[in-house]
1. For the chain, what does -39500 (n - 2.57) per DSSP helix run (n ≥ 4), summed and divided by total residues, give at 222 nm, in deg cm²/dmol to the nearest 500?
2. Given R₀ = 30 Å, FRET efficiency for Ala17-Val492 by Cβ-Cβ distance, to 0.05?
3. Determine the gain in length on full extension of the stretch Glu347-Glu95; use 0.36 nm per residue of separation and subtract their C-alpha separation, reporting nm with one decimal.
4. Below 8 Å, C-alpha to C-alpha, sequence gap of six or more: please give me the relative contact order for segment 224-327 in percent.
5. Between Ser119 and Val193, how high is the FRET efficiency from 1/(1 + (r/R0)^6) when r is the Cβ-Cβ distance and R₀ = 35 Å? Nearest 0.05.
6. Let me see the P(r) profile for segment 77-122: every Cα-Cα distance counted, bins of 10 Å, each bin given as a percent of all pairs.
7. Let me see the P(r) profile for segment 397-470: every Cα-Cα distance counted, bins of 5 Å, each bin given as a percent of all pairs.
8. Extension gain Ala239-Leu485, at 0.36 nm per residue separation less the Cα-Cα distance, in nm?
Amino acid sequence: MDSQFKLPWREKLALIARHLKGNVRFFVATVLCSCISMVFHAMTPQIIGVTVDSVLDDKRPSLPKWALDLLPLDWLRADPIRALWIAAGAVLAVELIYGLLIYGRRTTLAKGSEGFVKSLRDGLYRHIEHLSFDWHTANSTGDIIQRCTSDVEVIRTFVCNQLTEVIRTVFLILLYVSIMLSMNLTVSLVCLVFIPVVGLSSGVFYKGISSRFKTADEAEGEVTTCAQENFTGIRVVRAFGRERFEVDRFNEKNDRFSDLWVRLGRLLAVYWASGTLLTSLQVMAVIAAGTVEAVRGNLSVGSFTVLVTYGSSLAWPVRSLGRVLSDMSKAGVSLDRVGYILSAKEEADLPEAENVTLDGDIVFDHVTFGYGGQKVLEDVSFTIPWGGTFAILGGTGSGKSTLVHLLDRLYDLRDGQGSITIGGTDIRHIRREDLRRQIGLVLQEPFLFSRTIRENIAATRPEAAEEELRSAAAVAAVDDAIAELKDGWDTVVGERGVTLSGGQKQRVAMARMLVQEAPVMIFDDSLSAVDAETDVKIRAALRERVKGATVILISHRVTTLMQADRILVLDGGKVADIGTHAELISRPGIYKDIYDIQMSSDDRRLIEEGGNT
């Protein structure tokens, strides 16, 4: 993936705002609960200060007039013990209300947070599902997963926890500082001096840590990709005895990842250590200034207690602002990484694209196509008659699969690269969803989901009746194999169908495509893992099943292709020959050479026994 991708801050904010829709009320409630709770939290020191100065002593409390009018000082002073109990009860009541508000804050934050992250995950998944096949081949699965999990979690933590914490902290600072200023200007100014110092040091730290967070995130993506590839291909690793090599390869990436985070941890340790020093100095300065003011008679014992309490309470919030600034760098990197996915263009149909029922010859007209600047097809032209069977033969890399990928619009032709039409309609003028619904495709290496065999075969048409599923399985000659499995049709295949043999996977995929009942059926070397006798059996059953459909066969096996109405021979991305089986073996060429090599006595016997098959 593009590690240099940067999402402008305006777009980052727009991304966050888009997924906050519908959840804003929860965050507003969170902020209100936070701010009100801070007001009640600020009352506790005041209750203690008033009790010390005005109940146990006779000093006038530094409270607003409305509060003085409500406070029965004479009654409280008459019985100090009673006054202490009342003060303790007031503190308990205030803290109880504070606790209830904290509960409300946590509850509403949880609802808003989960709503936000669900919207983001849903949007990511939906967007990825509609990205082009080309984009998916260019980006590793492990890195995509890492961006959709850990990076999303970083964004959630920042937006839902830390930003609301910033609002709460700013309100707390303003509240406490305003109270402190009303009590003693000198002590308040001493406390205020440290706030910009902590903010400035955090800003410097934020600037230096951003690139390191990004490098560490990318390293994590490499580790995830490495693990995902190995777990998926564990059979290949075991088969070739590559365990030691793959473990060493993973250890190398994991060591680099760990080393990056250790370095990052050192930088974080410097930041937190310096932050602790600054906040400790802030508390010490407030105590020193308060002591001097108290000795001079400018500050009572109760007021001194209140100011020291507020000064100590300000130390962590001020420091947490710096923590949010440092975490902002990590969130910014994660927004860039998620933004890279969301900014990728989805597959889009042309404005004039329509829903079209496929009917008519398929024509490739001077098609030229390549990947990454390397040409795969060059000036390829041919016609596939509608309702017939068309075969394609060619060596590895000759462009056979590319032809069907273009027909299914997994890749799109650009202007000047030729055209592909069906019934005279350019396929670019047909909606992708409608085109793919009418084209069935079985690949040489089919993908099966980690579900039951029944669910895999019914994937193309979930509403299909049981009889239809069993009929398709019989045509694909996989019904007997399913019956022999312990749980039959309810057998859960392993990841990517690992519990089935290669031939069984191909036949299950073929049954899945047959259930689709598409008017165009493509078999891309989909019988390569099937023995010759089963191949003959399947082709015989297929001819009865697919009558009226346009069938495209791709294979290296001549016996699979020889009964086709027309056979296309590709060589190096160009049309080398085209014709019927009889025409192609009657003249020198690639097809005749392959035919002579492959036609062993066993193949000839099968043809003789199978008649027209």
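Each value in this text was obtained by applying a stated rule to the coordinates, not by laboratory testing. Remember, predicted model here, so these are calculated numbers, not experimental data. Glycine also receives a Cβ, built like all others from the backbone with ideal geometry; neighbour counts cover every protein chain displayed.
1. -21000 deg cm²/dmol
2. For Ala17 and Val492, the calculated efficiency is 0.10.
3. 85.1 nm
4. 21 percent
5. 0.25
6. Computed distribution, short to long bins: 24, 25, 19, 15, 11, 6, 1.
7. Reading upward from the zero bin: 3, 12, 19, 19, 15, 14, 10, 5, 2, 0.
8. Result: 86.1 nm gained on full extension.
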